[in-house]
Amino acid sequence: MVTARKLLEHKGSKVITVEAGASVFDALQLMADNNVGALVVMDGDKLIGIFSERDYARKVILKNRFSRDTSVREIMTGNPILVTPESEIRECMRLMTDHQVRHLPVVENGNLVGIISIGDVVKWIIEDQADSIQFLEKYITGR
């Protein structure tokens, strides 16, 4: 059973956050500087949302708003789906699929400890399947 904790140990637990009052422009710059597709939105110490490229495309560009004049709070996805470090990776994938989200903040005892993306989950599953195939090939061939 692979958990979010195991995935975070493998990929790292660095989380890029942005304050809710920051401009969308500044948030986009932060995303570009860190090569990430989403930021966890904080209001002080409290996690209140996710800001993603999808939010930008749908709520700024398509509505003819301006990035410098719009705050992250105005367009973020609030009340994000959260998982714990003990959440199984397959459950994380199900949540992402069912709720059509690409990022899940990982929270333990009310504290943000990481974030996992659909890319992280797919990569882990592919690597896990490759390991299983290699094991079975060795077992069958006797090597």
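Taken together, the values in this text are just the output of simple stated rules run on the coordinates, not laboratory data. Keep in mind that what you see is a predicted model, and the values were worked out from it rather than measured. In this analysis, Cβ positions are derived from the backbone assuming ideal geometry, glycine residues included, and neighbour counts consider all displayed protein chains.
Taking every DSSP helix (H) stretch of at least 4 residues in the chain, weighting each as -39,500 (n - 2.57) and dividing the sum by the residue count yields a mean residue ellipticity at 222 nm of -13000 deg cm²/dmol.
Cross-link check: pairs Lys6/Lys59; Lys14/Lys138; Lys11/Lys59; Lys63/Lys123 evaluated at a Cα-Cα cut-off of 32 Å; pairs beyond the cut-off: Lys6/Lys59; Lys14/Lys138; Lys63/Lys123. In this structure, the amide hydrogen of Glu108, modeled 1.01 Å from its nitrogen in the peptide plane, lies closer than 5 angstrom to those of Val113, counting only residues at least 5 positions away or on a different chain.
Site pair Lys46 and Ala130 shows an inter-label distance of 4.3 nm when each label is modelled 7 Å from Cα along Cα→Cβ. Backbone phi angles across the range 63-79, fed through the Karplus curve with coefficients 6.51, -1.76 and 1.60 (θ = phi - 60°), yield HN-Hα couplings of 9, 6, 8, 10, 4, 6, 9, 10, 8, 4, 4, 5, 10, 5, 8, x, 6 Hz in residue order; Gly and Pro are listed as x.
Working from the Cα coordinates of the chain, the gyration tensor eigenvalues give, after taking √(5λ), semi-axes of 34, 16, 12 Å in decreasing order. In a simple Cβ point-charge model (Lys, Arg +1; Asp, Glu -1; nothing else charged), the range 4-141 has a dipole of about 400 debye relative to its Cα centre.
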